[in-house]
Every structure is written in C-alpha cells, then in structure tokens.
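Working notes for the structure below.
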Amino acid sequence: MAKAAKNTICIWYDKDAEAAANFYASIFPDTSVHAVFHAPGDYPSGHKGDVLTVDFTVCGVRCIGLNGGPAFKHTEAFSMQIATDDQEETDRYWNAIVGNGGQTSECGWCRDKWGINWQITPRTLTDALTAGGGEAARAFAAMMTMQKIDVAKIDAARRG
C-alpha cells in the first residue's frame with residue numbers, strides 16, 4: 001500500500017462521498033478514486049459497514065471524503081479552483097457540475113450537488129489579474145458581470 005500523503009484535504013459529505021469522488025473522476029483529468037473504507041462499527045451518522053471515508057485525488061490533489069452526516073454545511077469559504085485553458089474546457093467542467101444537480105454562482109463559481117464550491121477559472125483571467133494595471137482592472141470588471149467565465153470577453157477586456 002502506498003504511503004499516505006503528508007497533507008490531505010478532508011471534505012465532509014452528508015453521506016455521498018463515494019458518489020462525489022466517482023463523479024469528479026468522471027470529469028476531471030488526473031482524478032481517481034483510490035480506496036473506499038467502511039465503518040468498523042456504528043457511529044453518530046451511520047452504521048457498521050457503511051462507507052465512512054473515500055480516498056481520492058482531484059486534479060492531482062489528494063483528498064479524503066468523510067461521510068459525517070448532516071451536522072456541517074459547506075460555504076464559499078472553501079472551494080476547489082480548477083484552471084482551464086480555453087472556453088471548451090471551461091464549459092465542460094462548468095456544465096458537468098451545474099448539469100448534475102449543481103448551482104450557478106457569480107464570477108466563475110458554482111456548487112456541486114453535494115455542496116462543494118468550485119471555481120472554474122480560465123488561465124486568461126488569472127494571467128490578466130497577474131499582469132496588474134489597466135489590464136487587470138478591465139478583466140476584473142468584465143468578470144464581475146459573469147457567472148460562467150466567458151473567455152472571449154475576458155480576452156477582449158484584456159486588450160482594452
């Protein structure tokens with residue numbers, strides 16, 4: 001068995017960590033489910049034999065999904081940010097998340113049906129913000145009018 005990662009993101013799910021991990025593996029590159037662990041005994045929100053944790057990777061980042069029950073809810077204080085190279089890739093990830101019971105939000109953010117927040121962020125937007133000055137200000141102003149990021153509009157704003 002491979003040695004556990006030094007740092008792993010633990011994501012709390014009500015009860016569907018395995019379904020969420022499998023969904024992520026179906027849409028994102030470098031994403032897979034490594035192992036599913038079943039509870040050795042009853043616990044506050046489940047029973048012996050239920051899926052307790054799922055070891056998975058999302059775009060190269062190691063995660064543990066914990067089926068902890070409904071006690072805690074997700075907020076935008078935590079999100080997964082996925083860098084995209086073009087509109088096609090942006091659309092593919094956004095549409096997969098939103099089209100599978102998720103919700104749209106503002107400025108490239110959306111939420112999956114399990115409550116996890118995602119930022120689907122084209123690299124052109126990040127590059128514009130890194131450039132600073134007028135280019136960053138124009139790209140930022142354009143982004144503030146969007147839900148899903150429109151790469152062509154960001155590129156146009158960058159050019160002025």
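A few comments on the model shown:
- Residue check for N100: in the same structural domain as M143 (by TED's automatic domain parsing), in contact with a Phe, Trp or Tyr (Cβ under 7 Å, 6 or more places away or on another chain) and modelled with pLDDT of 95 or more: yes
- Complete set of residues in region 83-102 that are over 13 Å from A152 (Cα atoms) and touching a strand residue (DSSP E or B) at 6+ places or on another chain (Cβ under 9 Å): A83, T84, E89, R92, Y93, W94, I97, V98, G102
- Positions within region 80-113 being of a type in the set (G, A, S), closer than 25 Å to A141 by Cβ and buried (at least 17 other Cβ atoms within 10 Å of the Cβ), in sequence order: S105, G108
- When T126, T121 are checked against the criterion of being within 19 Å of the chain's Cα centre (by Cα) and either assigned to a strand (DSSP E or B) or buried (at least 16 other Cβ atoms within 10 Å of the Cβ) (or both), a single residue qualifies: T121.
- For A35, the conditions (1) at negative phi; (2) assigned by TED's automatic domain parsing to the domain that holds T126 all hold with the exception of (2).
- Members of region 29-52 that are closer than 20 Å to W118 by Cβ and out of contact with any strand residue (DSSP E or B) (no Cβ under 6 Å at 6 or more places or on another chain): P29, D30
- Here is the figure for region 137-160: residues that are aliphatic (A, V, I, L, M) and not in a helix (DSSP H, G or I) total 3.
- Highlighted here are the strands (runs of 3 or more DSSP E) found entirely within region 1-116 that include at least 3 residues which are of a type in the set (A, V, I, L, M, F, W, C) and free of Cβ contacts under 8 Å to residues at least 40 places away in the same chain: 32-38, 51-58.
The values are calculated or read from the model by the stated rules, or taken from the named source; none is laboratory data. A quick note: this is a predicted structure, and the numbers were derived from the prediction, not measured. Note that we place each Cβ from the backbone using ideal geometry, even for glycine, and neighbour counts take in every protein chain shown.
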